[in-house]
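Here the structure comes first, spelled out in structure tokens, and everything after it is commentary.
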Amino acid sequence: VFFHNALPFVGFGFLDNAIMIAAGTQIELSIGVVLGISTMAGKYCRVQNHLFLFSCSSSLAGYVEALASRLGLSIPDLTPKQADMWQTRLSAHLGKAIGVTIGCILGMFPLLFFGDEEEKLEEKN
């Protein structure tokens, strides 16, 4: 139950964080440069962009679950009584939480490609 819930959330957390970092930063920098807005206004725009990008990455969740089932991750064969046990629910929630945490950590890889260019652009504004 733990792994059945964790694996799709690793994929979701990875996609969510990677998309938000890569696209959000570029959107913030482009809007800030084009409109000549302050850093604080750019941060506000970034929050709005994150809401939009989160909805985009949420739509990918079904694809991540389909990929997990293609990789052989089968649904645990539980009786209704077993599925309703507190241990089963706890395992499912822990799997989701730990899975999305691992996915978000792995999804921070775009930060490796950002360098001093962003700091220089922020200093100019």
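Pop the C-beta distance of Arg89 and Ser69 into the FRET formula with R0 = 22 Å and round what comes out to the nearest 0.05. Don't jump to the answer; show the numbers that get you there.
Numbers: r = 21 Å, r/R0 = 0.98.
The computed FRET efficiency comes out at 0.55.
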Report the gain in length on full extension from Thr101 to Thr79: 0.36 nm times residue separation, minus Cα-Cα distance, nm rounded to one decimal.
5.0 nm
Ranked from highest to lowest mean number of other Cβ atoms within 10 Å per residue, what is the order of the peptides 66-78, 6-18?
6-18, 66-78
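Every number here is computed from the coordinates shown, using simple stated rules; none is lab data. Here the structure is a predicted model, which is why all the values come from computation and not from measurement. Positions of Cβ are backbone-derived with ideal geometry, glycine not excepted, and every protein chain shown enters the neighbour counts.
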